[in-house]
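Only one structure is covered here, and it is reproduced in the block below.
All of the numbers you see were taken from the coordinates with simple rules; none came from a lab. What you see is a predicted model; the values in this text were computed from it and never measured. All Cβ positions, glycine included, derive from the backbone under ideal geometry; neighbour counts span all protein chains shown.
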Ligand code: ADP
């Protein structure tokens, strides 16, 4: 059975560690619950504990991490679920993998925050470890992050509050999700 009152999509949030992907994913899910929109969150930490636990942080493994995440998200979105993905997705080639798998289901959101601010936030203490070289291949420090070329939406988490960012995001996606009700 397919959910009939909503159109599935994949909201693909990408950005540096600490940029705000998880925070906004949680807020957006709460907003969706209020509006009776069925959504599921997928994120890098969660997948790397299970489905992707054989993968490391080389660029090849990061690409495979994204491929599996996008395939998983696509299966759910095809059934009408709104999938909120939070993955660093560091390179343009990684974004192309997700875009190619998901096609019109794919909605790319760049969670844009300067590296210096992410370092100050250091939510998980990982920038400290990367700075003294205890943690290798860390995005933004010892592993590349490319600015996305063509995101569908950019959210500036340095200058706006989480709620303001969530409001922008909800406004950008909600009509797309509920359009089936009116067709
Ligand atoms: P990520 O999932 O991208 O690694 P997190 O969501 O775990 O990042 O952490 C982002 C941190 O930045 C949180 O402590 C959050 O409260 C803070 N923050 C400040 N402003 C914003 C904003 N506008 N959007 C999201 N997070 C923000």
Any chance you could tell me what percent of the C-alpha pair distances in region 28-143 go past 21 Å?
45 percent
What is the order of 66, 177, 101, fewest Cβ neighbours within 10 Å to most?
101, 177, 66
Per GNM of the chain with C-alpha springs under 10 angstrom, the most fluctuating residue out of 173, 83, 117 is 117
Would you mind telling me which residue in 88, 37, 11 has the biggest mean-square fluctuation in a Gaussian network model of the chain, where springs connect alpha carbons within a distance under 10 angstrom?
37
Using alpha carbons only, how many degrees (0 to 90, rounded to 10) separate the axis of helix 162-178 from the longest principal axis of the chain?
40 degrees
Any chance you could give the angle, 0 to 90 degrees and rounded to 10, that helix 92-102 forms with the longest Cα principal axis of the chain?
20 degrees
Computed Rg/Rh for region 1-90 (Cα atoms; Rh = Kirkwood radius) stands at 0.99
Considering only 158, 100, 149, give the residue with the highest GNM mean-square fluctuation for the chain, with springs between Cα atoms whenever their separation is below 10 Å.
149
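Can you put 39, 142 in order, fewest other beta carbons within 10 Å first?
142, 39
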List, largest first, the extents of the alpha carbons of region 103-183 along their principal axes, each in whole Å.
56, 29, 20
Between residue 79 and residue 147, what FRET efficiency comes out of the Förster formula 1/(1 + (r/R0)^6) with R0 = 35 Å and r the beta carbon distance, rounded to 0.05?
0.60
Relative to the first principal axis of the alpha-carbon coordinates of the chain, what is the inclination of helix 59-77, with its axis defined by its Cα atoms, in degrees from 0 to 90 and to the nearest 10?
20 degrees
